[in-house]
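Single-structure report; data block below.
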Amino acid sequence: MTTHVLILCTHNSARSVLSEGMLNHLAAQLRKDVQAHSAGSTPSGRINPFAIEALQNAGIQTGGYRSKSWDEFSQDGAPPLSIVITVCDSAAAETCPVFFGGSGGQPVKVHWGYPDPSNAEGGDEGKRRAFELTRQAIGYRMLQLLALPLESMDRQVLAAALVDIGRS
């Protein structure tokens, strides 16, 4: 059964998109049955071009990405979520809609904060560097997530493991 992971950031234009791209790319490489999705509380309506560039430079396909509302994942027909990860502090502080997991249960929620690479100094080159470093940091945590035996972990053990990953 596919493990669906929703990654949230307020505008769904940078960190959450980097996370979605990295997790889906790494899961495919490792042949893990994991599907990442991303969304935001107030989506910007566009993906930051530096996020697309960082993913493409890493050999990751970016077709089909779009900035979308987290409301899409609380409606009928939404994928059953196992994990919800916030990647920006403002999204972590917001009241999320109710998301449903498999068998109607609640997904495990965790916060893995990253500084906003959009705010990097140094002009375009500074932003490119910040986006690439953020992509690498996200990739490191996603590899740790994919190393977990997701299909056999109970909710509490999974939650503890995800919190541990967020501390690294």
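The values are calculated or read from the model by the stated rules, or taken from the named source; none is laboratory data. Not measured: the values here are computed from a predicted model. Positions of Cβ are generated from backbone atoms using ideal geometry, with glycine treated the same way; all protein chains shown enter the neighbour counts.
A few remarks follow.
- Test: residue in the range 71-78 that is touching a Lys or Arg at 6+ places or on another chain (Cβ under 9 Å), over 22 Å from M1 (Cβ atoms) and of a type in the set (D, E): no
- Selection from the range 64-91 of residues that are aliphatic (A, V, I, L, M) and within 14 Å of the chain's Cα centre (by Cα): L81, I83, V84, I85, V87, A91
- Scanning the range 34-77 for residues that are assigned to a loop (DSSP other than H, G, I, E, B) and among the small types (G, A, S) returns S41, S44, G45, A58, G59, G63, G64, S67, G77.
- Residue list for the range 1-33, filter: surrounded by fewer than 24 Cβ atoms within 10 Å (Cβ to Cβ), among the aliphatic types (A, V, I, L, M) and not in a loop (DSSP other than H, G, I, E, B): L26, A27, A28, L30
- Options D76, D71, D33: the member that is more than 29 Å from A120 (Cβ to Cβ), touching a Ser or Thr at 6+ places or on another chain (Cβ under 8 Å) and either modelled with pLDDT of 95 or more or not hydroxyl-bearing (S, T, Y) (or both): D33
- The single condition from (1) hydroxyl-bearing (S, T, Y); (2) over 12 Å from the mean Cα position of the chain (by Cα); (3) outside any helix (DSSP H, G or I); (4) at pLDDT 90 or above that T95 fails is (4).
- Scope the range 1-47; condition more than 15 Å from the chain's Cα centre (by Cα) and of a type outside the set (A, V, I, L, M, F, W, C); matching residues: T2, Q29, R31, K32, D33, T42, S44, G45, R46
- Some residue of the range 44-61 being touching a strand residue (DSSP E or B) at 6+ places or on another chain (Cβ under 9 Å) and surrounded by fewer than 19 Cβ atoms within 10 Å (Cβ to Cβ): no
- Taking every residue in the range 149-162 that is farther than 14 Å from V5 by Cα and pairing it with any residue that is modelled with pLDDT of 95 or more and in a loop (DSSP other than H, G, I, E, B), at least 6 positions away or on another chain, the pairs with Cβ-Cβ distances below 6 Å are A161/L148.
- Checking each residue in the range 120-163 for being outside any helix (DSSP H, G or I) and either modelled with pLDDT under 95 or not acidic (D, E) (or both) picks out A120, G122, L148, P149, M153, D154.
- Subset tally (residues that are charged (D, E, K, R), in contact (Cβ under 8 Å) with a residue 60 or more places away in the chain and either touching a Ser or Thr at 6+ places or on another chain (Cβ under 8 Å) or more than 14 Å from A14 (Cβ to Cβ) (or both)) for the range 125-148: 1
- Scanning the range 109-168 for residues that are surrounded by 16 or more Cβ atoms within 10 Å (Cβ to Cβ) and acidic (D, E) yields D116, E132.
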